[in-house]
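Heads up: the structure comes next, in structure tokens.
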Ligand SMILES: C[S@@+](CC[C@H](N)C(=O)[O-])C[C@H]1O[C@@H](n2cnc3c(N)ncnc32)[C@H](O)[C@@H]1O
Ligand SMILES: [Zn+2]
């Protein structure tokens with residue numbers, strides 16, 4: 001069963017991060033399995049997310065968009081909460097999970113006070129990615145096993161995934177198509193699996209913002 005926080009002391013704070021911009025840090029011990037928070041923001045279609053950020057510099061990877069599935073993106077930049085400041089980490093202490101198309105950030109190990117929270121964005125790769133895509137999405141998490149990119153490992157191109165921050169510069173349509181394909185494939189393959197699995201690994205994909 002999920003552990004819920006009962007203490008009144010705030011669990012996290014947002015402050016400057018050595019990884020990038022602002023980050024989210026534990027103010028007290030967060031036990032493994034704790035649901036830290038929901039990823040909130042306006043729920044929009046991929047088309048709307050694309051239109052919203054279409055003028056963005058393609059070399060700017062910054063985004064508050066999180067892909068729920070082929071239909072929906074959460075724009076943490078509109079009515080969002082602290083979850084939008086959680087940075088990517090290659091050796092993360094959190095993961096994003098999807099429950100009834102809502103996204104939650106959960107501790108996957110016990111997090112000590114002062115530690116920065118991170119989850120693996122696993123940004124989906126697309127067949128038409130620019131040659132410098134790894135450079136654009138370079139990771140600065142400084143983990144000993146940092147893979148150097150916020151993108152999913154190269155061999156996972158177009159596979160359905162459970163989570164991936166989806167950078168938002170005009171990649172949404174392509175991603176949505178890939179995800180719909182992947183979803184159909186996963187469904188066909190995984191009828192006996194849980195609904196979340198059957199949906200494919202589609203959760204946070206911070207759309208290119
Ligand atoms: C959801 S925001 C996280 C909050 C962000 N630090 C801020 O201050 O707005 C996601 C963006 O933060 C940056 N980012 C997050 N994790 C990173 C990492 N490990 N390495 C480099 N940039 C990162 C990227 O620009 C990414 O698109
Ligand atoms: Zn890294």
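A short reminder: the numbers here are calculations on the coordinates, not readings from a lab. Keep in mind that this is a model prediction, so the values were computed, not measured. As a convention, Cβ positions derive from the backbone with ideal geometry for all residues, glycine included, and neighbour counts pool all protein chains shown.
Name the residue that is surrounded by the fewest Cβ atoms within 10 Å (Cβ to Cβ), counting only residues in the range 75-95 that are part of a strand (DSSP E or B), out of contact with any helix residue (DSSP H, G or I) (no Cβ under 9 Å at 6 or more places or on another chain) and in contact (Cβ under 8 Å) with a residue 60 or more places away in the chain.
95
Hey, among the residues in the range 96-122 that are closer than 14 Å to residue 12 by Cα and in a strand (DSSP E or B), which one's nearest to ligand 2 (Cβ to nearest atom)?
The residue in question is 118.
Considering only residues that are without any contact (Cβ under 8 Å) to a residue 60 or more places away in the chain and within 19 Å of the chain's Cα centre (by Cα), look in the range 123-137 and name the one that is nearest to ligand 2 (Cβ to nearest atom).
Among them, the one singled out is 134.
What number of residues in the range 111-132 are touching a strand residue (DSSP E or B) at 6+ places or on another chain (Cβ under 7 Å) and surrounded by fewer than 19 Cβ atoms within 10 Å (Cβ to Cβ)?
Number of matching residues: 4.
Can you tell me which of (1) more than 16 Å from ligand 2 (Cβ to nearest atom); (2) surrounded by fewer than 18 Cβ atoms within 10 Å (Cβ to Cβ) is the one residue 20 doesn't meet?
(1)
Looking at residue 143 and the list (1) over 17 Å from the mean Cα position of the chain (by Cα); (2) in contact (Cβ under 8 Å) with a residue 60 or more places away in the chain; (3) farther than 17 Å from residue 33 by Cβ, which single condition is not satisfied?
Status for residue 143: all satisfied but (2).
Go through (1) away from ligand 2 (no atom under 16 Å from the Cβ); (2) assigned to a loop (DSSP other than H, G, I, E, B) for residue 51 and report which single condition fails.
(2)
If you go through the range 19-48 one residue at a time, how many are more than 17 Å from residue 84 (Cβ to Cβ), assigned to a loop (DSSP other than H, G, I, E, B) and touching a strand residue (DSSP E or B) at 6+ places or on another chain (Cβ under 8 Å)?
Qualifying residue count for the region: 5.
Can you pull out every residue in the range 60-74 that is more than 6 Å from ligand 1 (Cβ to nearest atom) and part of a loop (DSSP other than H, G, I, E, B)?
60, 68, 69, 70, 71
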